[in-house]
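Student: One structure, as structure tokens, below. Some questions next.
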Amino acid sequence: MKILVTVKQVPDTATQVKIAPDGKTIDPTGITWIVSPYDEFAVEEALRIKEKRGQGEVVAVSLGPDRVKEALRSCLAMGCDRAIHLNDPVWATADTLATAKALAAAIKQEGPQLVLCGRQAIDDDMGAVTAQLAELLGWPCAYWIMEEAIDADGKSVRAARQVEGGLEVFDLPLPAILAAQKGLNEPRYPTLKGIMGAKKKEIRDVKAADLGWASEPPQLSIVGLQALPPRPPGRIIAGDVPTAVKELVRALREDAKAI
Amino acid sequence: MASIDLTLSEEQRALRAGVLEICKRYPGEYWRDLDVRREYPEKFVTELTEAGYLAALIPQEYGGAGLGIREGGLILESINYSGGNAGACHAQMYIMGTVLRHGSEAQKREYLPKIATGALRLQAFGVTEPNSGSDTTKLQTTAIRNGDRYVVNGQKIFISRVLQSDLMLLLARTTPVDRVKRKTDGLSVFLIDIRDLKGFEVRPLRMMMNHSTNALFFDNVEIPIESLIGEEGRGFHYILDGMNAERILVASDSLGDARWFIEKAVAYSNQRVIFGRPIGANQGVQFAIARAHISTDAAQLMRDKAAALFDAGQPCGGEANMAKYLGAEAAWEAGNACIDCHGGYGYAEEYDVERKFRECRLYKTAPVNNNLVLAYVGEHVLGMPRSY
């Protein structure tokens, strides 16, 4: 079974993101880039499916500039067989729909039976590409997957989706798209052998023209980014304990409306 | 020609990220808890071994990764930078070097692949003795040939990780010192299997920090002649050429410590507000941290130079020793700046600062005292009279 995993390279969660002078993008200086954690669940699940079935191929796909190669390389180090890098300047301003269209074109060329995605990327938290892909491909899709099981003949997948207080279980005919939620698995980290082996695996560069992709204006444009307002200072309630507690309860009830 | 790369390659960055990923699963609490109980970080070491990192320097034909000392250093540095202590397992990386360089093909085929997988642990090296310390040629442990065996008698001290090793490298005198031309002759290196070894006693020593080290007693311990590495009597020369690797790797442990201290110190002194402003705004606090950072960057350049020379197969005795010296001093300086800026909290166990402070101090003393590094540089680099 061929499985394709879409991954996005995002700033490390520990990075202090700064807004660039243009007010619309982030300043890339000093950022450590990682594979978005939800996408790592997707990679891990794809590798487990391959291992369980004893055969198959796992292909990682990402869209982005040259630096994205490092994210793909780390997917290869985890165990993906090869990678595809959608790398073209025309995609520099790609919104989610343009991204989904480019990925859908690559998926059509590859013809996998299953596509796994993260439930959202942790940078802009849009979480739109999976659904857009499903729509563009006309494939069934399940989001926030906590469990999955592919039937023995590889014709359908049973997927359990996280809902409040329980799991919602679906049967989807393949090919299908699943979006991984935290808890689906515990991603492996690359072994030293994996890191060394990743050097020899293929990362194929794909340009827009290779996909017959026609440039179109983005449907979504970023008007501006704003930093979070600084947190207001804390308040220390003075007085002896009985008075202070009374005032605290009053403040929580009336000012903060927390209780 | 050796040259120093000022930036990490993509592969080196991936290596670093891979090690940090493992270390993330072993936070401060893990090391603190072991520290109190003086227990070995078995789970961490096993995981690191299984991921292949401790086999970084073993050639690929023997099941390792065949990487250079620069990569080996990066692995250890990342462990200490993350708050852990690579001293628990760094020797598994380099002690095998003596077997690799001087062992027979049969010994290499027998042991290296198992050391690479971790099936066998070789992370103890018996050199130091109660009466000889750094004056290695005066060691008194003897190995006397008797038929197809050697019989070992003597004592060793501060031999680390013996209880966490299957194999040990042992330096013993095979020809009495009065019967050799030079006192550096007549010593031999043995690779011995210490599991269920009759007449061999290990007495653990409780140390200032969680470091498993021991006194060893050999009472007519019989070892097969196949244990001998290389030629009889050449042992001292064999261990000398393993020292450079050890120095560079220990320098890397120290660099990781220094970086950890500096990061902690900066974070704390930027957020700790006293007298109405962050304490980091005071020159007394800030300059100590800045000075430690300068020392650390300088030490790293020397470590990188030593590693570049080592990996290019060029002489690097001076650089390896200087890297170890500078690294240990930088870590100590950073540790002091860190504990100073933390005030009382620096002594509180839950901050990990006091633990790292105790751990980093070791490398001013071991595996060679920094005074002996000065003696080496004076004599061998500067051509001055022997000072000891």
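The values are calculated or read from the model by the stated rules, or taken from the named source; none is laboratory data. Bear in mind that the values here come from a model prediction, so they are computed numbers and not experimental data. Cβ sites come from the backbone with ideal geometry, for glycine too, and all protein chains shown count toward neighbours.
Student: For segment A:119-151, enumerate the residues that are small (Gly, Ala, Ser) and out of contact with any Lys or Arg (no Cβ under 9 Å at 6 or more places or on another chain).
Tutor: Correct list: A:Ala128, A:Ala131, A:Ala134, A:Gly138.
Student: Report yes if some residue within segment A:168-176 is at pLDDT 95 or above and closer than 30 Å to B:Ala56 by Cα; otherwise report no.
Tutor: no
Student: Moving on. From B:Ile75, B:Ile95, which residue is within 14 Å of chain A (Cβ to nearest Cβ) and buried (at least 23 other Cβ atoms within 10 Å of the Cβ)?
Tutor: B:Ile75
Student: Considering only residues that are in contact with a Lys or Arg (Cβ under 7 Å, 6 or more places away or on another chain) and either over 21 Å from B:Asn214 (Cβ atoms) or not polar (S, T, N, Q) (or both), which ones fall in segment B:144-166?
Tutor: Within segment B:144-166, just B:Asp166 meets the criteria.
Student: Among (1) crowded, with 19+ Cβ neighbours inside 10 Å; (2) outside the structural domain of B:Arg149 (by TED's automatic domain parsing); (3) over 27 Å from B:Asn370 (Cβ atoms), there is one condition B:Pro278 misses while meeting the rest; what is its number?
Tutor: (1) is the only condition that B:Pro278 fails.
Student: Out of B:Arg247, B:Arg291, report the one residue that is surrounded by fewer than 17 Cβ atoms within 10 Å (Cβ to Cβ) and not hydrophobic (A, V, I, L, M, F, W, C).
Tutor: Only one candidate passes the filter, namely B:Arg291.
Student: Sticking with this structure for a sec: Looking for whichever is touching a strand residue (DSSP E or B) at 6+ places or on another chain (Cβ under 9 Å) and either basic (Lys, Arg) or surrounded by fewer than 19 Cβ atoms within 10 Å (Cβ to Cβ) (or both) here; the options are B:Pro59, B:Pro113, B:Pro130. Which one fits?
Tutor: Step by step, each of B:Pro59, B:Pro113, B:Pro130 is checked, and only B:Pro130 is touching a strand residue (DSSP E or B) at 6+ places or on another chain (Cβ under 9 Å) and either basic (Lys, Arg) or surrounded by fewer than 19 Cβ atoms within 10 Å (Cβ to Cβ) (or both).
Student: Only one of (1) in a helix (DSSP H, G or I); (2) touching a Gly at 6+ places or on another chain (Cβ under 9 Å) is not met by B:Arg16, so which one is it?
Tutor: Evaluating B:Arg16 over (1) in a helix (DSSP H, G or I); (2) touching a Gly at 6+ places or on another chain (Cβ under 9 Å) leaves (2) as the failure.
Student: Would you point out the residue of segment B:33-60, among those that are more than 18 Å from the chain's Cα centre (by Cα) and aliphatic (A, V, I, L, M), that is farthest from the other protein chains (Cβ to nearest Cβ)?
Tutor: Only one residue tops the list, namely B:Val36.
Student: Return the only residue of B:Tyr81, B:Tyr30 being among the aromatic types (Phe, Trp, Tyr) and over 19 Å from the mean Cα position of the chain (by Cα).
Tutor: Only one candidate qualifies: B:Tyr30.
Student: Out of segment B:147-184, which residues are of a type in the set (Val, Ile, Thr) and out of contact with any Pro (no Cβ under 8 Å at 6 or more places or on another chain)?
Tutor: Listed by number, the residues that qualify are B:Val151, B:Val152, B:Ile159, B:Val162, B:Thr174, B:Thr175, B:Val177, B:Val180, B:Thr184.
Student: Report every pair of residues separated by at least 6 positions or lying on different chains whose Cβ atoms are under 6 Å apart, first residue within segment A:232-258 and loosely packed, with under 12 Cβ neighbours inside 10 Å, second at pLDDT 90 or above and of a type outside the set (Asp, Glu).
Tutor: Going by the 6 Å Cβ cut-off, the qualifying pairs are A:Ala258/A:Leu252.
Quick grid of which residues meet (1) in a strand (DSSP E or B); (2) under 19 Å from B:Ile223 (Cα atoms):
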position: B:Thr137; (1), (2): no, no
position: B:Gln140; (1), (2): no, yes
position: B:Ile144; (1), (2): yes, yes
position: B:Gln155; (1), (2): yes, yes
position: B:Phe158; (1), (2): yes, no
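Student: For segment A:25-77, which positions are more than 14 Å from chain B (Cβ to nearest Cβ), among the aliphatic types (A, V, I, L, M) and closer than 21 Å to A:Ala180 by Cα?
Tutor: Of everything in segment A:25-77, those that are more than 14 Å from chain B (Cβ to nearest Cβ), among the aliphatic types (A, V, I, L, M) and closer than 21 Å to A:Ala180 by Cα turn out to be A:Ala42, A:Ala46, A:Leu47, A:Ile49, A:Val58, A:Val59, A:Ala60, A:Val61, A:Leu63.
Student: For segment B:189-218, what are the residues that are surrounded by 13 or more Cβ atoms within 10 Å (Cβ to Cβ), acidic (Asp, Glu) and either farther than 19 Å from B:Thr142 by Cβ or touching a Lys or Arg at 6+ places or on another chain (Cβ under 9 Å) (or both)?
Tutor: Answer for segment B:189-218, where residues must be surrounded by 13 or more Cβ atoms within 10 Å (Cβ to Cβ), acidic (Asp, Glu) and either farther than 19 Å from B:Thr142 by Cβ or touching a Lys or Arg at 6+ places or on another chain (Cβ under 9 Å) (or both): just B:Asp193.
Student: Here is a follow-up. Quick one: which residue in B:Tyr81, B:Tyr111 is within 24 Å of B:Ala172 (Cβ to Cβ) and in the same structural domain as B:Ala65 (by TED's automatic domain parsing)?
Tutor: Answer to the selection: B:Tyr111.
Student: Go through segment A:29-55 and give me each residue that's surrounded by fewer than 19 Cβ atoms within 10 Å (Cβ to Cβ), without any contact (Cβ under 8 Å) to a residue 60 or more places away in the chain and under 15 Å from A:Gln113 (Cα atoms).
Tutor: Result: A:Gln55, single match.
Yes/no per residue for (1) small (Gly, Ala, Ser); (2) in a strand (DSSP E or B); (3) in the same structural domain as B:Glu333 (by TED's automatic domain parsing):
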{"residue": "B:Met168", "(1), (2), (3)": "no, yes, no"}
{"residue": "B:Leu197", "(1), (2), (3)": "no, no, no"}
{"residue": "B:Asn210", "(1), (2), (3)": "no, no, no"}
{"residue": "B:Gly242", "(1), (2), (3)": "yes, no, yes"}
{"residue": "B:Glu263", "(1), (2), (3)": "no, no, yes"}
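Student: Only one residue in A:Val5, A:Val58, A:Val10 is more than 16 Å from the chain's Cα centre (by Cα), surrounded by 20 or more Cβ atoms within 10 Å (Cβ to Cβ) and in a strand (DSSP E or B), so which one is that?
Tutor: Answer to the selection: A:Val58.
Student: Let me ask something else about it. Could you tell me which of the residues B:Gly335, B:Gly318 is surrounded by fewer than 20 Cβ atoms within 10 Å (Cβ to Cβ) and over 16 Å from the mean Cα position of the chain (by Cα)?
Tutor: From the options B:Gly335, B:Gly318, the qualifying one is B:Gly318.
Student: Only one residue in A:Ala131, A:Ala176 is touching a Cys at 6+ places or on another chain (Cβ under 9 Å), assigned by TED's automatic domain parsing to the domain that holds A:Asp88 and touching a residue at least 60 places away in the same chain (Cβ under 8 Å). Which one?
Tutor: Sole residue among the options that is touching a Cys at 6+ places or on another chain (Cβ under 9 Å), assigned by TED's automatic domain parsing to the domain that holds A:Asp88 and touching a residue at least 60 places away in the same chain (Cβ under 8 Å): A:Ala176.
Student: Just to verify a result, which residue in segment B:19-29, among those that are without any contact (Cβ under 8 Å) to a residue 40 or more places away in the chain and more than 20 Å from B:Tyr94 (Cβ to Cβ), is nearest to the other protein chains (Cβ to nearest Cβ)?
Tutor: It comes out as B:Glu21.
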